[in-house]
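Undergrad: I'd like to ask you about the structure that follows.
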Amino acid sequence: MTFSKILCPTDFSAGAKQALLVAVRIARATGAELVIAHAWYVPASPYALEPLFPSHFIQQIIDEAKHGLNEAVEEAVAAGAQHVSGTLLAGVPALEIVDELGRDTYDLCIIGTHGRSGLARVMVGSVAEKVVRHSPCSVLAVRPGGEAHPFHHVLVPTDFSESAMHALDLAATLVDPSGRITLLHVTEVAGMYSGDAPIPDFARDIEQRAAAALEREVGRVQHTTTATVRGSSRAGFAGIHTLASLDVDPSIDLIVMGTHGRKGIKRVLLGSVAEKTVRHAHCPVLVVRRRA
């Protein structure tokens, strides 16, 4: 399992440059074609009869966008990318990136995130989160800072679904051969038991089934990698324990997780575990999605 074509959007920020370094490393390791994209955008005028900016100013924006894109391609080539090109998009960045991913046979998008916080980001969301939500393929969200080194400790949350199994298989191809994978399963039970109260029989049965499934998955993927694979189980809420794992073990440098792709008002109000993880994790997060 590998990648054949990677899209790396850029706005020329520090986060985008970090994402490009990661994209180059993965493209080199997999032999994938790398396409660097930049979307230039000028907001529409609030007055229908008059343009917001004069034409020469818009042309300057386009020229600067082309120049920045060419520099990004040159940087990727200098960093060792074998098959790299640039594409200039025009329009709202998140929409244009998702459209570009749908137009071609990309199997991975690597995008930087600015890691905004507070009410503004809750109401508006970042470009990275919008791409994670709507992309037809897997998305790796990369935060600024650090080095684009191989991934040595990969955390893979699992609910034993087909999507989660695919995420685990992909993690095995991305982790350093001498690294390790932690497969995390969180058992969520309605009316969660706590304190000194006895564990109900149904909850005990669920935990036993989950432990057996976790052991099977660890054994299955251990045969495919030289990295160390271990299982970890928790009781509670998946999103909370996924993020808490980063505090408990700072050596985790990548999270790989599947997504069920919920849609509609339920996902707008609650968000998915994947998007919450992208929003709050301090390390790169790969949200795995198979192309239809």
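The values are calculated or read from the model by the stated rules, or taken from the named source; none is laboratory data. Source: prediction; values computed, not measured. Heads up, the Cβs are rebuilt from the backbone with ideal geometry, glycines too, and the neighbour counts pull from every protein chain shown. What goes into the accessible areas is simple: the full protein's heavy atoms, side chains included, and nothing from ligands, DNA or RNA. Shrake-Rupley method; radii C 1.70, N 1.55, O 1.52, S 1.80 Å.
Undergrad: Can you give me the number of residues within segment 3-30 that are open to solvent by 50 Å² or more (accessible area, probe 1.4 Å) and either more than 17 Å from residue 139 (Cβ to Cβ) or not polar (S, T, N, Q) (or both)?
TA: Of the residues in that region, 8 qualify.
Undergrad: Right, something else. Between a residue in segment 162-182 that is on the phi > 0 side of the Ramachandran plot and any residue that is surrounded by 21 or more Cβ atoms within 10 Å (Cβ to Cβ), which pairs come within a Cβ distance under 8 Å, given they are 6 or more apart or on different chains?
TA: Correct list of pairs: empty, since none qualify.
Undergrad: Related question: Restricting attention to segment 221-246, which residues are touching a residue at least 24 places away in the same chain (Cβ under 8 Å) and under 11 Å from residue 172 (Cα atoms)?
TA: Scanning segment 221-246 gives 221, 224, 225, 226, 227, 228, 229.
Undergrad: Across segment 235-292, what is the number of residues that are in a loop (DSSP other than H, G, I, E, B), at pLDDT below 70, more than 16 Å from the chain's Cα centre (by Cα) and at negative phi?
TA: So the answer is 3.
Undergrad: Then there's this: Just checking, does segment 52-70 include any residue being surrounded by 19 or more Cβ atoms within 10 Å (Cβ to Cβ), outside any helix (DSSP H, G or I) and modelled with pLDDT of 95 or more?
TA: Scanning segment 52-70 turns up no residue that is surrounded by 19 or more Cβ atoms within 10 Å (Cβ to Cβ), outside any helix (DSSP H, G or I) and modelled with pLDDT of 95 or more.
Undergrad: Related question: Scan 6, 97 and give me the residue that is touching a helix residue (DSSP H, G or I) at 6+ places or on another chain (Cβ under 9 Å), of a type in the set (A, V, I, L, M, F, W, C) and more than 30 Å from residue 225 (Cβ to Cβ).
TA: Only one candidate passes the filter, namely 97.
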